[in-house]
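Reviewing the structure listed below.
The values are calculated or read from the model by the stated rules, or taken from the named source; none is laboratory data. Just so we're clear, the structure is a prediction, and the values are computed from it rather than from any experiment. Reconstructed Cβ throughout: ideal geometry from the backbone, glycine too, with neighbour counts over all protein chains shown. Note: areas computed on protein heavy atoms with side chains; ligands, DNA, RNA excluded. Shrake-Rupley method; radii C 1.70, N 1.55, O 1.52, S 1.80 Å.
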Amino acid sequence: MIGAYMNTNILPKIYSTIALGMLLLAAAASAAEVNIYSARKEDLIKPILEKFEQDTDIKVNLITGKADALLQRLISEGKNSPADILITTDAGRLYRAKNAKVLQKIDSETLTISIPEQYRDPEGYWFGLTLRARPIVYATDRVQPDQLSTYEALVNLKWKQKICIRSSDNIYNQSLVASLIAQLGEEDTFKWTESFVKNFARPPQGGDRDQIKAIAAGQCDIALVNNYYLGNMLTSKNESEAEAAKKVKIFWPNQKDRGTHVNISGAAITASSKNKEAALQLLEFLVSDAAQQWYAEKNLEYPIKPGIQPSEILQSWGEFKADSLNLHHLGEHNAQAVMIMDRAKWK
Ligand SMILES: [Fe+2]
């Protein structure tokens, strides 16, 4: 009797323990998550990550920071890094991350089909998500577009003291010079850089927006800027910024040869990823039509996926031919580019 008494009393406990265990298992199964280290600002990516969370029940944890600091963190954390995905806003740093062996190779048909070959690593270590161009902008009241043609032609003496550009420690300029090295070779790129620097209107200072403002203020006539800075200024609530932006126009250089220099924002899965499946699911989501449309529109960049329309303001600038150089060359020539800019005294 005593045994029977005990059994009947224990059974519900066993059942409830099993039930609790099953509940925990179910919770673990639905608690898939993915951890991102992002060099892209939170407000430019958060909404699309939230959409992914709603669609999939996968929780996304986002840590934002400067690209170099995030890369350093990945390297020092090694195998113990909680990060699954690294997001950066240029190909050069993805190349660095690959070389530092903190990324892993991904084989995904969806990514391969959606992203043109030149905008992903040839070995599958990183993938472009959006495209940004670095064209010439010019003062509409002082420059005629037919005076412009190529990046190479910006060394012409007619542009002496007419060019504004940010400093050489900026990766966008380093990548542009790297693209010239790929095209012209090191020696000719050095000659170009030296003459280009001699045409600067002032020592390099500020960001891309400041170059546009300097043109508007009459300090120089042309500048090289990433397209989304102009887009952001044109749509800015700050009236003086919007006014300054209206005083310049875009010129797409090198349309008769290799095309205008472009770069990407992109992503990679880390070597240490413990949530690889979820991470891959997120990357594939980011190249879906709807995500591409939203993401590129929000950032005023170009969608990476062919066939997706850019935002209205980008459409108003017309179509252009982009340089078809595989962007891993930008990383490959980065060190030479930095050295050349230094030798040419580009501050
Ligand atoms: Fe930027």
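Laid out as a table, the results:
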{"read-out": "Cross-chain or 6+ apart pairs with Cβ under 8 Å, segment 220-238 first and under 18 Å from SER149 (Cα atoms), then within 12 Å of the ligand (Cβ to nearest atom) and aromatic (Phe, Trp, Tyr)", "value": "ASN226/TYR172"}
{"read-out": "Residue selected from segment 70-91 under the condition assigned to a loop (DSSP other than H, G, I, E, B) and open to solvent by 10 Å² or more (accessible area, probe 1.4 Å), by the criterion nearest to VAL102 (Cα to Cα)", "value": "PRO82"}
{"read-out": "Residue in segment 304-320 that is among the basic types (Lys, Arg), open to solvent by 80 Å² or more (accessible area, probe 1.4 Å), touching a residue at least 24 places away in the same chain (Cβ under 8 Å) and at negative phi present", "value": "no"}
{"read-out": "Hits in segment 208-253 (condition: open to solvent by 50 Å² or more (accessible area, probe 1.4 Å), closer than 26 Å to LEU180 by Cα and either part of a helix (DSSP H, G or I) or within 16 Å of the ligand (Cβ to nearest atom) (or both))", "value": "ARG209, ASP210"}
{"read-out": "Residue in segment 58-67 that is within 16 Å of the ligand (Cβ to nearest atom), free of Cβ contacts under 8 Å to residues at least 60 places away in the same chain, polar (S, T, N, Q) and within 17 Å of ARG40 (Cβ to Cβ) present", "value": "yes"}
{"read-out": "Checking ILE63 against (1) surrounded by fewer than 19 Cβ atoms within 10 Å (Cβ to Cβ); (2) of a type outside the set (Lys, Arg); (3) assigned to a helix (DSSP H, G or I), the condition it does not meet", "value": "(3)"}
{"read-out": "Condition met for GLN183 (within 16 Å of the ligand (Cβ to nearest atom), in contact (Cβ under 8 Å) with a residue 60 or more places away in the chain and not basic (Lys, Arg))", "value": "no"}
{"read-out": "Residue within segment 291-303 that is outside any helix (DSSP H, G or I), under 26 Å from LEU176 (Cα atoms), without any contact (Cβ under 8 Å) to a residue 60 or more places away in the chain and open to solvent by less than 40 Å² (accessible area, probe 1.4 Å) present", "value": "no"}
{"read-out": "Criterion (more than 16 Å from the ligand (Cβ to nearest atom) and touching a residue at least 60 places away in the same chain (Cβ under 8 Å)) met by exactly one of ASP90, ASP84", "value": "ASP84"}
{"read-out": "Complete set of residues in segment 117-152 that are surrounded by fewer than 16 Cβ atoms within 10 Å (Cβ to Cβ) and either in contact (Cβ under 8 Å) with a residue 60 or more places away in the chain or in a loop (DSSP other than H, G, I, E, B) (or both)", "value": "GLU117, PRO122, GLU123, THR140, ASP141, ARG142, GLN144, PRO145, THR150"}
{"read-out": "The one condition in (1) within 22 Å of the chain's Cα centre (by Cα); (2) in a loop (DSSP other than H, G, I, E, B) that LYS274 fails to fulfil", "value": "(1)"}
{"read-out": "Count of segment 193-207 residues which are in a helix (DSSP H, G or I) and surrounded by fewer than 22 Cβ atoms within 10 Å (Cβ to Cβ)", "value": "4"}
